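Peer 1: What follows is a structure written as structure tokens; I'll ask about it next.
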Amino acid sequence: MIDRIENNFSIFIVIAFVLGLAFPDQAKLLNPFMIYVLMGIMYFTILNMDLDNIKDILVKPLYLMALVFTILIITPALFYAISKVIYPELAAAALIIGALPAALASSSITGLLRGNVKVALITTVVTSLIAPFSIPLLIKVFIGVETAADVPDMLIMLSEVIFIPFVLAFVSKRRAPRFIERTRKYYTLVNIMLLFMTVFGPIGYNAGYIKENIDKTITISLYFMLLAVLLHLLGWYLSHGRPLDYKIASTVVVFYNNITLGIVFASNFFSPLITLAVVLYNVPWCIMMVPFQYFLKRYARVKDKGY
């Protein structure tokens, strides 16, 4: 039962979206607690990580540096520049989405797709630790006066949701390793429940706007689908000349960002429209694995035939 839920977690994101629209008053009650929900996701994900087998990836730091620089600098700059030209109203939201670190689920997704889990894991850790500093800086450089949030406030919020769970998780691993090992199988299920809340709350908060602007909601979702395709191409060619498992890993970490962090961040510092746009990035986030997995199967068959 647990495996079935984990393998179909995207269904729960869709359900959270629908319920947020249907029960906005109840969903709004969660919003004051979103930071703590996100901290919980970070905590349980880090508990589930095995950081002992990543030393061989650190031997080649240039590749890792290229991945980190692409995720934290190139992607947000590219998203912002494209959106300024094509969809100026979403430029700030695109910048936030592009600036997010790799998703904590990246290593799991990479494993499901038979990619290099070690690459995904170390990239996730490094980008998550740098993001509290890089995101406020990018907001300041690119947006500036468009937001009332100042750098110290953003830095404090991001530090709370990233550094505190990291510290607590490492302390927990040291103090109660046997208990963690016995309960590890439930952590992903707990995170799915918490992830449900991070979509349910903001959608409820923005339910009125969504219902009154269905056309815009669809347009935003389609626009982000186009950006998602661009990210897949960028991630794939970052590992040009490397084995297939590296290509898979780099594609996953470049595309699958920590959208939950983005939702909480946007809801704290930006307008309802920008928050809604960040929430709607869940659409490509959830469904792009299907065509990518199909592509990998076709790619493997072609390689096997020697084309």
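Peer 1: Which number in (1) farther than 25 Å from Thr251 by Cβ; (2) at pLDDT 85 or above marks the one condition that Asn31 misses?
Peer 2: (2)
Peer 1: Let me ask something additional. Could you figure out which of (1) without any contact (Cβ under 8 Å) to a residue 12 or more places away in the chain; (2) over 26 Å from Leu227 (Cβ atoms); (3) in contact with a helix residue (DSSP H, G or I) (Cβ under 9 Å, 6 or more places away or on another chain) isn't true of Gly111?
Peer 2: (2)
Peer 1: Could I ask something else about it? Criterion first (farther than 18 Å from Tyr36 by Cβ and either not hydroxyl-bearing (Ser, Thr, Tyr) or not in a helix (DSSP H, G or I) (or both)) does Val253 satisfy it?
Peer 2: Values: farther than 18 Å from Tyr36 by Cβ: yes; either not hydroxyl-bearing (Ser, Thr, Tyr) or not in a helix (DSSP H, G or I) (or both): yes.
The answer is yes for Val253.
Peer 1: Let me ask you something else. Can you find a residue in region 205-228 that is in contact (Cβ under 8 Å) with a residue 40 or more places away in the chain, outside any helix (DSSP H, G or I) and under 20 Å from Ile15 (Cα atoms)? Walk me through how you get there before you give the answer.
Peer 2: Going residue by residue through region 205-228, those that are in contact (Cβ under 8 Å) with a residue 40 or more places away in the chain are 205-211, 217, 220-221, 223-225, 227-228.
Filter once more, keeping what is outside any helix (DSSP H, G or I): 206.
Still in the list and also under 20 Å from Ile15 (Cα atoms): 206.
Within region 205-228, one or more residues are in contact (Cβ under 8 Å) with a residue 40 or more places away in the chain, outside any helix (DSSP H, G or I) and under 20 Å from Ile15 (Cα atoms).
Peer 1: Determine whether region 45-52 contains at least one residue that is at pLDDT 80 or above and either assigned to a helix (DSSP H, G or I) or within 16 Å of the chain's Cα centre (by Cα) (or both). Before you say what the answer is, go through the steps one by one.
Peer 2: First, pick out the residues of region 45-52 that are at pLDDT 80 or above: 47.
Next, only the ones that are either assigned to a helix (DSSP H, G or I) or within 16 Å of the chain's Cα centre (by Cα) (or both) stay: 47.
Yes, region 45-52 has at least one match.
Peer 1: So which residues in region 240-255 are in contact (Cβ under 8 Å) with a residue 40 or more places away in the chain and small (Gly, Ala, Ser)?
Peer 2: Across region 240-255, the qualifying residues are Ala249, Ser250.
Peer 1: Scan region 126-141 and report the pairs whose first residue is buried (at least 19 other Cβ atoms within 10 Å of the Cβ) and whose second residue is outside any helix (DSSP H, G or I) and at pLDDT 90 or above, with Cβ atoms within less than 6 Å and a gap of 6+ or a chain change.
Peer 2: What qualifies is Thr127/Pro101; Thr127/Ala102; Ser128/Pro101; Ala131/Pro101.
Peer 1: Out of the residues in region 83-115 that are of a type in the set (S, T, N, Q) and buried (at least 24 other Cβ atoms within 10 Å of the Cβ), which is nearest to Leu222 (Cα to Cα)? Walk me through it before giving the result.
Peer 2: Going through region 83-115, the residues of a type in the set (S, T, N, Q) turn out to be 83, 106-108, 110.
Among the residues that remain, those that are also buried (at least 24 other Cβ atoms within 10 Å of the Cβ) are: 106-107, 110.
Values: Ser106: 23, Ser107: 27, Thr110: 25 Å.
This residue is Ser106.
Peer 1: Search region 2-30 for residues that are within 16 Å of Met289 (Cα to Cα) and assigned to a helix (DSSP H, G or I) and pair each with any residue that is modelled with pLDDT under 85 and not aliphatic (A, V, I, L, M) when their beta-carbon atoms are under 6 Å apart and the residues are at least 6 apart or on different chains.
Peer 2: Glu6/Thr188; Ser10/Cys286; Phe12/Phe196; Ile13/Asn282; Ile13/Cys286
Peer 1: What's the number of the only condition in (1) closer than 26 Å to Leu113 by Cβ; (2) in contact with a Leu (Cβ under 8 Å, 6 or more places away or on another chain); (3) not polar (S, T, N, Q) that Phe200 fails to meet?
Peer 2: (1)
Peer 1: Hey, could you check region 270-284 for residues that are at pLDDT 80 or above and either touching a strand residue (DSSP E or B) at 6+ places or on another chain (Cβ under 8 Å) or not β-branched (Val, Ile, Thr) (or both) and say which is surrounded by the most Cβ atoms within 10 Å (Cβ to Cβ)? Working first, answer last.
Peer 2: Step one: of region 270-284, the residues at pLDDT 80 or above are 270-271, 273-281, 284.
Narrowing further to those that are either touching a strand residue (DSSP E or B) at 6+ places or on another chain (Cβ under 8 Å) or not β-branched (Val, Ile, Thr) (or both): 270-271, 273, 276-277, 280-281, 284.
Working: Phe270: 21, Ser271: 15, Leu273: 18, Leu276: 24, Ala277: 29, Leu280: 27, Tyr281: 24, Pro284: 22.
Looking at the filtered set, the residue picked out is Ala277.
Peer 1: So, one more: Does region 257-268 contain at least one residue that is farther than 22 Å from Ile162 by Cβ and part of a helix (DSSP H, G or I)?
Peer 2: Restricting attention to region 257-268, the residues satisfying the condition of being farther than 22 Å from Ile162 by Cβ are none.
Within region 257-268, not a single residue is farther than 22 Å from Ile162 by Cβ and part of a helix (DSSP H, G or I).
Peer 1: Would you pick out the residues in region 224-271 that are hydroxyl-bearing (Ser, Thr, Tyr) and either over 17 Å from Tyr299 (Cα atoms) or touching a Leu at 6+ places or on another chain (Cβ under 7 Å) (or both)?
Peer 2: Within region 224-271, the first condition is being hydroxyl-bearing (Ser, Thr, Tyr), and the residues that meet it are 237, 239, 246, 250-251, 256, 260, 267, 271.
Residues satisfying the conditions are Ser250, Tyr256, Thr260, Ser267, Ser271.
Peer 1: If you don't mind, another one. Any idea how many residues of region 108-152 are within 28 Å of Ser239 (Cα to Cα), aliphatic (A, V, I, L, M), assigned to a helix (DSSP H, G or I) and at pLDDT 75 or above?
Peer 2: 14
Peer 1: Still on this model: Here is a check on your reading of the model: is Gly306 at pLDDT 85 or above and surrounded by fewer than 23 Cβ atoms within 10 Å (Cβ to Cβ)? Can you show your working first?
Peer 2: Details: at pLDDT 85 or above: no; surrounded by fewer than 23 Cβ atoms within 10 Å (Cβ to Cβ): yes.
So Gly306 does not fit the description; no.
The values are calculated or read from the model by the stated rules, or taken from the named source; none is laboratory data. Remember, predicted model here, so these are calculated numbers, not experimental data. Cβ: placed from backbone, ideal geometry, glycine included. Neighbour counts: every protein chain shown.
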